[in-house]
Amino acid sequence: RAAFLILLAVTFNANAAVVCGLSGDPVLDFGTPDPFAGGDIIAEASLSWECTKDSPGQPSFTLCFYVSADSSGQIAARTLESGGATTLPFNVYSDPARTIIIQPTLDGFPVIVDMPNQGPDTVTGTINLYGKLPGPLPPDVKTGLHQTIMASSQLHVVPGTSSNACSNAKGGEDDTYTLTAQVSIPNQCQVTATNLDFGTQSSPLPQTDSQSSITVRCTNNSAFTVGLDEGLNGDRTLTDGTNFIDYELYLDPARSQPWGKDPGSRQSGSGEGTGSAILFQVYGRLPADPGAVPGTYTDTVTVDVEF
């Protein structure tokens with residue numbers, strides 16, 4: 001009887017048995033922030049991945065995610081742009097604290113995946129990408145959409161689960177995705193006004209003039225108009241609760257152009273940025289009123305800014 005020992009051997013490539021891919025192209029959307037508010041503006045996006053095992057192989061490996069440079073080739077900081085207007089610096093991070101920038105090469109965002117031979121043939125998951133746009137926004141920020149596209153951002157499958165797996169040399173990417181980051185700067189205005197005080201007058205009441213100011217701040221590119229309503233009584237009259245005194249508000253020092261709310265009597269302007277104030281003078285007049293009863297008279301006028 002003859003006996004033969006047959007050695008059976010097979011070699012599995014560490015990665016050949018696993019195929020990993022991505023679904024969708026995430027958008028890191030910073031929304032429509034208040035351009036007058038301070039503080040950082042943050043956003044978050046998710047990226048879904050799937051790994052399928054087609055034969056026995058390494059039970060654990062590392063997925064390494066990378067984010068490419070922005071549309072202008074910048075990494076630190078990446079920037080959002082709007083037709084050559086003021087750029088807005090931001091970046092993409094792997095941690096919620098937004099301290100670790102995701103690079104386009106080496107030092108990627110690692111995710112360890114376990115796929116033991118006795119386990120499922122397909123494993124799915126998601127990663128979160130964290131964005132931060134440092135605040136406050138520049139005072140001359142333009143209105144509209146600011147955006148950048150980080151095309152050909154990559155996914156690599158790397159053998160092993162060590163902490164430096166994503167710094168190891170890699171071959172061609174296993175999959176790519178496009179990350180879009182954007183923010184929409186709204187047309188927005190702020191308005192403040194000073195009181196119009198006609199002072200203390202004698203009786204009978206003579207014609208009396210006074211003036212005050214309205215300050216408007218608007219984001220760049222924001223055309224606006226300013227209107228003044230007819231006051232609490234609806235007819236531009238001051239009252240002490242019982243008696244009334246007429247007054248009028250004007251656009252010009254000669255007090256020939258009444259300032260109202262209808263389209264033909266509004267003041268117009270154009271935004272110069274949140275850091276630039278546009279000052280409008282309000283010219284008031286009390287006509288002479290021999291029958292005015294002594295007292296303290298007031299009214300409240302609403303400033304209406306349309307943009």
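Tell me the carbon and sulfur percent of the accessible area for the chain, rounded to whole percent, probe radius 1.4 Å.
50 percent
Treat every Asp and Glu Cβ in the chain as -1 and every Lys and Arg Cβ as +1, leave all other atoms uncharged, and give the resulting dipole magnitude about the Cα centre to the nearest 20 debye.
1060 debye
If the cut-off is a Cα-Cα distance under 19 Å, which aspartates and glutamates reach LYS261, setting aside same-chain residues fewer than 8 apart in sequence?
ASP229, GLU230, ASP235, ASP246, GLU248, ASP252, ASP299, ASP304, GLU306
Which Cα, out of MET150, CYS64, THR79, lies furthest along the positive dipole direction of the chain (beta carbon charges, K/R +1, D/E -1)?
The Cα lying farthest towards the positive end belongs to CYS64.
Grab the Cα-Cα distance for ASP246 and SER184, subtract it from 0.36 nm times how many residues apart they are, and report the gain in nm with one decimal.
17.7 nm
Would you mind calculating the gained length between GLN211 and ALA277 on full extension (0.36 nm times residue separation, minus the Cα-Cα distance), in nm to one decimal?
Taking GLN211 through ALA277 to full extension adds about 21.9 nm, to one decimal.
From a point 7 Å beyond the Cα of ASP54 in the direction of its Cβ, which residues of segment 136-170 have a backbone N at a distance under 17 Å?
Output list for this probe position: 157.
With Cα Rg over 2.2 N^0.38 Å as the read-out, I listed (1) 1.73; (2) 1.02; (3) 1.07; which label goes with the value calculated from this structure?
(1)
Using 0.36 nm per residue, how much length does the chain from VAL191 to THR237 gain when fully extended, once their Cα-Cα distance is taken away?
Between VAL191 and THR237, full extension yields 14.2 nm more.
Tell me, what is the per residue accessible area of segment 154-252 in Å², probe radius 1.4 Å?
Normalised by residue count, the accessible surface of segment 154-252 is 48 Å².
Measure off 7 Å from each Cα along the Cα-to-Cβ vector at SER256 and ALA37, then give the distance between these two points in nanometres to one decimal.
4.7 nm
With the contact rule set at Cα under 8 Å and sequence spacing of 6 or more, what percent relative contact order holds for the chain?
Relative contact order of the chain: 19 percent.
Take peptides 245-251, 134-140, 34-40 and line them up by average Cβ neighbours within 10 Å, highest first, as a rough protection proxy.
So the peptides 245-251, 134-140, 34-40, ranked by packing, come out 245-251, 134-140, 34-40.
The values are calculated or read from the model by the stated rules, or taken from the named source; none is laboratory data. Predicted model only: the values in this text are computed from it and were never measured. Heads up, the Cβs are rebuilt from the backbone with ideal geometry, glycines too, and the neighbour counts pull from every protein chain shown. For accessibility, only protein heavy atoms count, side chains too; no ligands or nucleic acids. Shrake-Rupley method; radii C 1.70, N 1.55, O 1.52, S 1.80 Å.
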